[in-house]
Structures are given as C-alpha cells and as structure tokens.
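The values are calculated or read from the model by the stated rules, or taken from the named source; none is laboratory data. Please read these numbers as outputs of a predicted model, since none were measured by experiment. In this analysis, Cβ positions are derived from the backbone assuming ideal geometry, glycine residues included, and neighbour counts consider all displayed protein chains.
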Amino acid sequence: MSRTTASVAVLAAALVLAGCSDSSDASDSSGSRLSVSGAYIPQPVSADMAAGFLTISNSGGTKDELTSVTSGDGDVTLHETTGGAMEQVSRLPVPAHGQLVFKSGANHLMFDKLKRKPTQGDTVTVELHFAESDPVVVKMPVKSATYIPKTGH
Ligand code: CU
C-alpha cells in the first residue's frame, strides 16, 4: 500500500540532505542508481526491539523497490506508521529521481531479537535488497536514545 502523502511531505526535508551523503553508491545497468544517507539507530531500551532510519536516494530514471533488509545481528522488518500504529510491509517503493525516507514517526526498519543491545557508538550492519539494483550494505551508527538528525524533524 502506498503512502503517497507521507512521501511528498518528507521529500522537501530529505532533499536538504542530498549534499551530505555519507554512504555507498550502488549502481547497475537497470537504470536505478541508489545511494544511502543519514542512517542511524537511536539507542534502544533493550535488544528486543529497536528502530532504524535512513534515506535511500535514486538518481536514476527507473523506479526500484526495497524488498527486504537483512542483518547478521538480528531480524529486520520494514514498518510503516499509519495513524500512530505501525504495520509491517513486505516492500517499499524507491521512485525514479526520488527517495524512500525512513524517519521517526513514519517508515522505519524494525530490529528484533538482536544478539545484544546496540549501544551508542556501535554500528549495526544491514544489507538492503532491491527488486532491481544490487544489494547495498549500510553500517548504521547507534546514536543516543534522543538523537534527532540535524536536518530532520
Ligand atoms: Cu515498527
């Protein structure tokens, strides 16, 4: 199910981040060109559940889809938030010349059954899997429990 209104609402804020991408580029011949920026995990209360956030930008002219996220440190699922309740989704679109944004109160990665509680200063490595593009490995830094990205809300 698409969350068009949420995507539009965050697009303006996300564009501000375009100049400070700090992560890897992945490209292939399919026409989608993906990069990841702004990844972080607020330090969770326990290893049972943690949320993670990042922005996937597609500078290519072909849309793609995030189909799963895996990690050697625990289980990861994709969640979107609808009216304050979160809901697991199986895939999320990455529009051509657009972004898929995970941010507090909206789309997020949900970590479960982590081997140990992530602590500020740690990194959790995840692999993003797409319908078209090659997988992208992202090292997500663990920030303080109250961390808010400078350019976000
Ligand atoms: Cu969730």
Scope segment 58-85; condition surrounded by 16 or more Cβ atoms within 10 Å (Cβ to Cβ) and within 14 Å of the ligand (Cβ to nearest atom); matching residues: VAL69, GLY74, VAL76, LEU78, HIS79, GLU80, THR81
Strands (runs of 3 or more DSSP E) (entirely within segment 60-152) containing at least 2 residues that are modelled with pLDDT of 95 or more and under 12 Å from the mean Cα position of the chain (by Cα): 64-70, 75-82, 92-94, 98-101, 108-112, 123-130, 136-143
Subset of segment 86-113 [touching a residue at least 60 places away in the same chain (Cβ under 8 Å), within 10 Å of the ligand (Cβ to nearest atom) and among the charged types (D, E, K, R)]: ASP112
Among residues of segment 98-123, those that are within 13 Å of PRO42 (Cα to Cα), out of contact with any Phe, Trp or Tyr (no Cβ under 7 Å at 6 or more places or on another chain) and not small (Gly, Ala, Ser), counted: 8
Candidates VAL45, VAL126, filtered to the one that is loosely packed, with under 15 Cβ neighbours inside 10 Å, closer than 24 Å to LYS150 by Cα and hydrophobic (A, V, I, L, M, F, W, C): VAL45
